[in-house]
1. What value, in deg cm²/dmol to 500, does the helix sum -39500 (n - 2.57) over DSSP H runs of n ≥ 4 give at 222 nm once divided by the residues of the chain?
2. How high is the relative contact order of the chain, given as a whole-number percent (alpha carbon pairs under 8 Å, six or more residues apart)?
3. How are the Cα pair distances of region 1-45 distributed, in percent, across 10 Å bins from 0?
4. Could you line up Ile48, Ile22 from fewest to most neighbouring Cβ atoms inside 10 Å?
5. What does the convex hull of the alpha-carbon atoms of the chain project to on average, in nm²?
Amino acid sequence: MSLAERVLAGDRLALARLLSQIENEEPTGLDDLAALYPRTGGAHLVGITGAPGTGKSTLVNKLVMLMRQMGGEESESSIRIA
């Protein structure tokens, strides 16, 4: 089973591995990303990665706050943190 298939099945470890492969521009990761793209439904996906303690949660919280201020109530349903 490919990482893309495992991600679609809800496997969070597979998602972490796939994000690492994409970040490192590994061909297999980019292939899996291309396989997942048709299933995105036009959504925008942003991945925030980094070492522990580098401010990822703080950054995400600020981004969500700005998105809500800019988009009003509609943006509430568009924000999902996994």
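1. Details: 4 runs with 44 residues, N = 82.
Rounded to the nearest 500, the figure is -16000 deg cm²/dmol.
2. Taking the mean separation of contacting Cα pairs over the length of the chain, I get 17 percent.
3. 30, 61, 9
4. Values: Ile48 13, Ile22 17.
Ranked by crowding around the Cβ, least crowded first: Ile48, Ile22.
5. Values: hull surface 24.7 nm².
Over all viewing directions, the chain projects a mean Cα-hull area of 6.2 nm².
Rule-based calculations on the coordinates, nothing more; no lab input. As the structure is a prediction and not an experimental result, all values here were calculated from the model. Cβ sites come from the backbone with ideal geometry, for glycine too, and all protein chains shown count toward neighbours.
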